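Scroll down for the structure; my scribbles are underneath it.
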Amino acid sequence: MLVLYSIIAVLLIGCATLFFMQRAALTRARLSEANLSALKKSAAAERKDAAFYRIACSDTDDGLVIQGLNGRILWVNPAYCDIMGYPAEEVLGRNPMEFAMRPEDKPSDDFIKNFQYKRDDPNWGRLSLYRSVRKDGEEFWNQIRVSYHQDVDGGEYVILVCRDVTEEVDRESQLREKSDALAHVAAHDDLTGAANRANMMQFTQAALENAKQNGSMIGLLQIDLDKFKDVNDTYGHSAGDAVLRHITDHISRTLRKTDLLARMGGDEFVAVCTQFSSVEELKRLGVALVDSVKEPLIFEGHKIVPSISIGAAISERGGTDVDDLLKRADYALYKVKRAGRGHVAVYDKALHKSVQRKSRRSDELQRAILNDQITFQFQPTIEIATGRICSLEALARWTDADGVTHDAEDFLDMARDLGNLAHIDTAAMKAAVALQAQVNEAGIKKLITGFNASEDFFAHTDYLSSLQSSTRKHRVDATDLRIELPQSLVFGAQAGDTKKSEVISDLHAAGFGTILDSFDAGFAGLLQMGALNMSGFKTAPQFSQALAESTTTQKAMRMINELAADMSLVGIVLGIESQDAYDALTAAGALYAQGNWIAAPIPAEDVIDWLKTHQSTDGSANILHRQLPPDQRIAI
């Protein structure tokens, strides 16, 4: 029996062993099938990826190159061959420096032979721009990015990606040239080549700051041509232009290289003279300028002997601001004119007393402002294509104790010095809103009202609530009101001044239109306005004069108008005072215009009646039809 149990036990053990062996074999078989399936899937994925890589490498416009660390080419894609003009077999095994560089840029053969990429080069992955050469000798701009790679087997490779960016670089170069040309136009007088007012202000401010730091002084000469109107009336405007160029040439040759001559407009010039030690030294230079321009000018057979008068002022060692220096020189020039012209006068104690008299006048203005005695007139802006009156601008007026009414230009600087400019701005805002309410009530459509606001106005934290409160009170929509902003605010915002940027963004968010006043900044300024969501710009008054005198300025204006239109910015040319100026701006493609030749400022109480006379309620009438002869009227 024991033997039988033993036999059974052996058989059971054998069966169990066979069972587990078969089960293990089955499991191994199943695992093998799974591994095989996974391997097949992996291989398929790799083949698919490889196909995608081949498609990407063959169809991309970018040139792809694989190099060894010695710079020798191991592989290129078709695009690289197309860019360089070489078949693949002519570049494989070569360093691109051998065939892709201009002769003047190509390094020596020894340098190329011993060249090695550095593994720790900090420039890996950076874009670089090179002037490269194709097989046929054509040069092009090549944008290249080089990166380092190491594969799983430790192999080291350099991947070079290149792109022909010649068209992009050329476009950028053309834009830069246009921008530079516009910048020159914006900073210089086209007729004489002298600096313009904006350029002079920047130069003088920098010179004053430098003088303050090193304890020196600068001089300023206010220069006025004597009896210039007589030259124009006698010999014509071409003769007047010749005299202006003659004056500019002789003064520039007499001034030092460190000095700046600027034409302020018309027959007015300013010379800024750096590093002066005394009033006497400045006066000697002024006398030299007076003598230098007396050299006769022969124009079309006529002998013209120019003459200039100069008012001189010198800064104080403790510092003098630009406006104060200009005022002092202007006071001195006034003294010269009263004394008979043709010489130099320097700001002194006697003139200082006259300044004190002006101070008394400032007190009179102060009282008028605080007693709300500043009034407003409104000047229309027209759409040139139709003659439609599209907006009105509030212009401040002050009637003094003698009953003389002064334009804003006569007293706003004084109001700024008094610290009351914001008060006038607020009064202008209220007058503009009130008039717009009357316009709406009269049923006149497609017309908005604007006012000028200085930085002083926006310095008050409640400026926006005051605006909104006034519009709500008169039931005027924010979109019917347009605010003209100074350059200092707009370009300060663009330069990163958060508070100034917030002013513009808050006005835009509240629905108020904003335009830049006295625009003269070219393409760069337009881009800044677009970035700040502004409505448009109004040119500086002297720009309209330049339009009439210069075809270059007309070309610049045309380019500005085209870009402004593309950016949906409204461009208004200010200061149209003659038929010639109007013709010039229409030739330059301007869309909107404002000036006394079109319509003089209108007292607030007369605006509605004037509008009813000159424009129908639907905004379709043409103001110009009442001013121009039939052959010059704009078709509606």
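Report yes if ILE298 is open to solvent by 30 Å² or more (accessible area, probe 1.4 Å), in contact with a strand residue (DSSP E or B) (Cβ under 8 Å, 6 or more places away or on another chain) and on the phi < 0 side of the Ramachandran plot, otherwise no.
Answer is yes for this residue.
Is segment 306-318 home to any residue that is touching a residue at least 12 places away in the same chain (Cβ under 8 Å) and touching a Cys at 6+ places or on another chain (Cβ under 8 Å)?
no
Given the condition out of contact with any Leu (no Cβ under 8 Å at 6 or more places or on another chain), at pLDDT below 80 and not in a loop (DSSP other than H, G, I, E, B), answer yes or no: does some residue in segment 613-624 qualify?
yes
May I ask you to verify whether GLY236 is on the phi > 0 side of the Ramachandran plot and free of Cβ contacts under 8 Å to residues at least 40 places away in the same chain? Even if it seems obvious, please write down each step before you answer.
Working: on the phi > 0 side of the Ramachandran plot: yes; free of Cβ contacts under 8 Å to residues at least 40 places away in the same chain: yes.
Yes.
Considering GLU280, GLU268, which residue is without any contact (Cβ under 8 Å) to a residue 60 or more places away in the chain, surrounded by fewer than 22 Cβ atoms within 10 Å (Cβ to Cβ), under 21 Å from THR553 (Cβ atoms) and not polar (S, T, N, Q)?
Just a single option satisfies the conditions, and that option is GLU268.
Under 6 Å between Cβ atoms, which residue pairs at least 6 apart in sequence (or on different chains) link something in segment 457-480 that is of a type in the set (A, V, I, L, M) with a partner that is assigned to a helix (DSSP H, G or I)?
So the pair list comes out as LEU464/ASP506; VAL476/VAL433; VAL476/GLN436; VAL476/ALA437; ALA478/THR471.
Does ARG367 fit the bill of being at pLDDT 90 or above and surrounded by fewer than 13 Cβ atoms within 10 Å (Cβ to Cβ)?
yes
Please specify each residue of segment 125-150 satisfying the condition of being over 35 Å from the mean Cα position of the chain (by Cα), open to solvent by less than 70 Å² (accessible area, probe 1.4 Å) and over 23 Å from GLU90 (Cβ atoms).
Answer for segment 125-150, where residues must be over 35 Å from the mean Cα position of the chain (by Cα), open to solvent by less than 70 Å² (accessible area, probe 1.4 Å) and over 23 Å from GLU90 (Cβ atoms): SER147, TYR148.
When you go through ILE608, ILE636 one by one, which is the residue that is assigned to a loop (DSSP other than H, G, I, E, B), of a type in the set (Val, Ile, Thr) and either modelled with pLDDT under 90 or farther than 19 Å from GLU549 by Cα (or both)?
On inspection, the qualifying residue turns out to be ILE636.
Which one of the conditions (1) open to solvent by less than 50 Å² (accessible area, probe 1.4 Å); (2) modelled with pLDDT of 90 or more does SER535 fail to meet, given that it meets all the rest?
So the condition that SER535 fails would be (2).
Scanning for something surrounded by fewer than 21 Cβ atoms within 10 Å (Cβ to Cβ) and modelled with pLDDT of 90 or more, does segment 575-582 turn up at least one residue?
no
Could you check segment 215-333 for helices (runs of 4 or more DSSP H) lying wholly inside it with 3 or more residues that are at pLDDT 90 or above?
Once the helices (runs of 4 or more DSSP H) in segment 215-333 are filtered for at least 3 residues that are at pLDDT 90 or above, what remains is 237-254, 279-292.
Listed residues GLN356, GLN366, GLN377, GLN373; which is part of a strand (DSSP E or B), out of contact with any His (no Cβ under 6 Å at 6 or more places or on another chain) and of a type in the set (S, T, N, Q)?
Within the list GLN356, GLN366, GLN377, GLN373, the selection yields GLN377.
Taking the condition modelled with pLDDT of 80 or more, within 21 Å of ILE448 (Cβ to Cβ), surrounded by 14 or more Cβ atoms within 10 Å (Cβ to Cβ) and in contact with a strand residue (DSSP E or B) (Cβ under 9 Å, 6 or more places away or on another chain), does TYR592 pass?
For TYR592, the condition - modelled with pLDDT of 80 or more, within 21 Å of ILE448 (Cβ to Cβ), surrounded by 14 or more Cβ atoms within 10 Å (Cβ to Cβ) and in contact with a strand residue (DSSP E or B) (Cβ under 9 Å, 6 or more places away or on another chain) - is met.
In segment 165-182, is there at least one residue being more than 30 Å from GLY85 (Cβ to Cβ) and either buried (at least 19 other Cβ atoms within 10 Å of the Cβ) or modelled with pLDDT of 85 or more (or both)?
Yes; the residues of segment 165-182 include at least one that is more than 30 Å from GLY85 (Cβ to Cβ) and either buried (at least 19 other Cβ atoms within 10 Å of the Cβ) or modelled with pLDDT of 85 or more (or both).
Conditions tested, residue by residue: (1) closer than 20 Å to VAL243 by Cβ; (2) β-branched (Val, Ile, Thr); (3) open to solvent by 60 Å² or more (accessible area, probe 1.4 Å).
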residue	(1), (2), (3)
SER292	yes, no, no
ALA312	no, no, no
GLU316	no, no, yes
VAL322	no, yes, no
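I'd like the full set of residues that are closer than 10 Å to THR539 by Cβ, of a type in the set (A, V, I, L, M) and touching a Ser or Thr at 6+ places or on another chain (Cβ under 6 Å), limited to segment 562-587. It would help to see each step written out before you state the result.
Here is the first cut: in segment 562-587, the ones closer than 10 Å to THR539 by Cβ are 571-575, 585.
Cutting the leftovers down to of a type in the set (A, V, I, L, M) gives us 572-574, 585.
Once the filter is applied, which keeps residues that are closer than 10 Å to THR539 by Cβ, of a type in the set (A, V, I, L, M) and touching a Ser or Thr at 6+ places or on another chain (Cβ under 6 Å), segment 562-587 yields ILE572, VAL573, LEU574.
Is it the case that THR381 is within 30 Å of ALA584 (Cβ to Cβ), of a type in the set (Ser, Thr, Tyr) and more than 29 Å from the chain's Cα centre (by Cα)?
Answer is no for this residue.
Return only the number of the condition from (1) closer than 30 Å to ALA548 by Cα; (2) out of contact with any helix residue (DSSP H, G or I) (no Cβ under 8 Å at 6 or more places or on another chain); (3) in a loop (DSSP other than H, G, I, E, B) that THR192 does not satisfy.
Just one mismatch for THR192, condition (2).
Do we find that GLU562 is closer than 21 Å to MET264 by Cα, surrounded by fewer than 23 Cβ atoms within 10 Å (Cβ to Cβ), among the charged types (D, E, K, R) and touching a residue at least 12 places away in the same chain (Cβ under 8 Å) in this structure?
Spelling it out, it is not the case that GLU562 is closer than 21 Å to MET264 by Cα, surrounded by fewer than 23 Cβ atoms within 10 Å (Cβ to Cβ), among the charged types (D, E, K, R) and touching a residue at least 12 places away in the same chain (Cβ under 8 Å).
With under 24 Å from ILE576 (Cβ atoms), of a type in the set (A, V, I, L, M) and without any contact (Cβ under 8 Å) to a residue 60 or more places away in the chain as the only criterion, which of ALA432, ALA427 stands out?
Residue meeting the stated conditions: ALA432.
Say we look at segment 490-524 and pick out the residues that are touching a Phe, Trp or Tyr at 6+ places or on another chain (Cβ under 7 Å) and at pLDDT 75 or above; which of these is farthest from GLU393 (Cα to Cα)?
This residue is VAL503.
So LYS118 ticks every box in (1) out of contact with any Cys (no Cβ under 7 Å at 6 or more places or on another chain); (2) surrounded by 13 or more Cβ atoms within 10 Å (Cβ to Cβ) but one. Which box is left unticked?
(2) is the only condition that LYS118 fails.
Checking ASP259 against (1) open to solvent by 50 Å² or more (accessible area, probe 1.4 Å); (2) over 16 Å from ASN232 (Cα atoms); (3) without any contact (Cβ under 8 Å) to a residue 24 or more places away in the chain, only one condition comes out false. Which one?
All conditions are met except number (1).
Just give me the residues in segment 218-249 being open to solvent by less than 30 Å² (accessible area, probe 1.4 Å) and more than 23 Å from TYR334 (Cα to Cα), in sequence order.
GLY236, ALA239, ALA242, HIS246
The values are calculated or read from the model by the stated rules, or taken from the named source; none is laboratory data. A quick note: this is a predicted structure, and the numbers were derived from the prediction, not measured. No Cβ is skipped: glycine too gets one built from the backbone with ideal geometry, and neighbour counts run over all protein chains shown. Side chains are part of the model used for accessible areas, which takes the heavy atoms of the whole protein and leaves out ligands, DNA and RNA. Shrake-Rupley method; radii C 1.70, N 1.55, O 1.52, S 1.80 Å.
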